[in-house]
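The values are calculated or read from the model by the stated rules, or taken from the named source; none is laboratory data. What you see is a predicted model, and the numbers here were worked out from it, not measured in a lab. In this analysis, Cβ positions are derived from the backbone assuming ideal geometry, glycine residues included, and neighbour counts consider all displayed protein chains.
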Amino acid sequence: MKQFLLLVIFLLASTAQAADDFFSTSPANGLDDSNPQFLPVEEAYQSLLLWNNGALLLSWTAADGYYLYKERFALKANIDGSAAPLRAEFETGKLKQDPNFGETEVYYHNTTITLHDLPTSTFTLSVTSQGCADAGLCYPPQTQHYTVDPQQYTVTTAAAPMRGSIGNVVTLAGDDNSDRALWLILVFAALGGAILNLMPCVFPVLGLKVLSFTNADDGSPLKHGLIYSLGVVLSFVAVAGLLIALQQAGQAIGWGFQLQTPWFVALLACLFFVLSLNLLGLFEIGGSWTNVGSDLSRQRGYSGSFFTGVLATVVASPCTAPFMGTAVGFAASQPPVIALLVFAFIGIGMALPVLLLTLFPAGLRRLPKSGRWMISLRQFLAFPLLATAIWLTWVIGRQTSADGMALTLLAWLLIAFGLWLHGKGNKLMAAVIVIATIAMVTSKLSASPDNMAARSGSFDPSEIQKLREAGQNVFLDVTADWCITCAANETLVLNTDTIRNAFTQHNVHYFVADWTRYDPAITALLADYKRNGIPLYIYYPADLNAAEIMLPQVLTKTMIIELLNR
């Protein structure tokens, strides 16, 4: 069952890995330096520029737990708008396996840069630097400006030149890099949304939506495509808005928070079950839900297109596609407007394949004409949905107990009975049964019995520190039963004999943090590493002075073995 649901994820692993590696070079990865757990940048890093025996020294002091990148220093001298020669001598730093730039040279505590071959007349010195905290925050590059008089041996702080002015213009590296990072994030968000269409949860709904266009006139599909796209985008923005609102209200939650609620997972499983019965032809749902088999050329079908977009977003909720992790993690550290923009682009990417078909009628004409083969395909697409419904029922059992799983299966029975009554013409009784079933599931699974509560709060970060102090390396796997990407990594990589043997050989303790149900300690950990969702993989060396390494969201055996061999 799991292998079927995981297949699509790992077909995209190599592409997602390349994307994560590419984005990791962006210095704007996690820019929220207003987090009270981190120092303001001016307190984390302090500099002093002074003369010493005719040499100009630039001294830096970093607070404990903070470091500066050697390669991110940039020093420029100019006189009246023209660049002037300058030579800088750097001290030897410490090699670090950095989550943003890989193996690189960094400075902890303090360092001094000696400047040689200075201009003989007064000049402006611009110093750009960038640092990060061991706890996971990476500050944007900072630029400081000084006026230096080599004749009088004086140094004064200068105002930053205005961007776009004529003459001596020093580009603020942080601004340009932030703009570049935002555009990269929006591209990744759209790619992640597009990949969601290939997930077992979404593909059946999308496939039937595309097939329904074959019956439409040339002018009508475009309107339906736009309305479908609007339904997808608004649904993503609505979920993101709720997430941001709850976070602003003080709730420590992340992306996927709705799947930590057993009653929501149960209702989602029931929805998949109902959709699978519909695709098998056991009953027909009205066009306002799936719009399957309706004539798209008619105006009354537009509401069906909108709610198909909403439905596609709902059924995509258990899935996290490659590229999405980077985008969602970035959104977590941004103001609400930027965060909503990122989620809107995820929706745009998800709606894009259908929209492109409606924009180019030639593509629609190449689709096979409707016929009996569509009935067979429709019935076949029911089985991925039924498999997903069974998997979600298993998740409920993991979140609660066998009783929760049995309650969900009972709900399936009652809903199927209600649909049968509906087909017999007893619509009122059918509606009463379905509504009563939903109320029963919601009320029963909203309770928190002891065995459910015991799963929350079980993660203790201090255990990792104790293992390291005992001389063990630690590989942390932040996972959840409802996370398909997590399950894929565990089934195809982490729980294989190859990786188990490698962990044993390199004295690595495999530490699992289960976020299937809400755990405030895990939520805080994700916030520390600027992640808004899972999976999250961190490697902690036994050496307490060595920095931890954060891995991409899609793992390969080769990646982990190379990491351990370092």
Could you identify the single residue in 80, 33, 21 that is modelled with pLDDT under 80, surrounded by 15 or more Cβ atoms within 10 Å (Cβ to Cβ) and acidic (Asp, Glu)? 33
Would segment 405-428 turn up any residue that is crowded, with 17+ Cβ neighbours inside 10 Å, polar (S, T, N, Q), within 23 Å of residue 268 (Cα to Cα) and modelled with pLDDT under 85? no
Within segment 97-119, can one find any residue that is of a type in the set (Ser, Thr, Tyr) and modelled with pLDDT under 85? yes
Hey, among 312, 321, 266, which residue is crowded, with 20+ Cβ neighbours inside 10 Å and either modelled with pLDDT of 80 or more or closer than 29 Å to residue 425 by Cβ (or both)? 266
What single numbered condition from (1) free of Cβ contacts under 8 Å to residues at least 60 places away in the same chain; (2) in contact with a Ser or Thr (Cβ under 7 Å, 6 or more places away or on another chain); (3) among the hydrophobic types (A, V, I, L, M, F, W, C) fails to hold for residue 511? (2)
Scanning segment 529-550 for residues that are under 23 Å from the mean Cα position of the chain (by Cα) and either assigned by TED's automatic domain parsing to the domain that holds residue 336 or at pLDDT 85 or above (or both), which turns out farthest from residue 507 (Cα to Cα)? 536
Provide a single number: the residues in segment 137-159 that are more than 14 Å from residue 69 (Cα to Cα) and not polar (S, T, N, Q). 9
Among the residues in segment 159-181, are any modelled with pLDDT under 80, within 30 Å of residue 234 (Cβ to Cβ), polar (S, T, N, Q) and buried (at least 16 other Cβ atoms within 10 Å of the Cβ)? yes
Among the residues of segment 121-132, is any outside any loop (DSSP other than H, G, I, E, B) and modelled with pLDDT under 85? no
Can you name the number of the only condition in (1) more than 29 Å from the chain's Cα centre (by Cα); (2) within 30 Å of residue 536 (Cα to Cα); (3) without any contact (Cβ under 8 Å) to a residue 24 or more places away in the chain that residue 95 fails? (1)
Evaluate the following for residue 448: is it among the hydroxyl-bearing types (Ser, Thr, Tyr), closer than 12 Å to residue 514 by Cα, surrounded by 11 or more Cβ atoms within 10 Å (Cβ to Cβ) and at pLDDT below 85? no
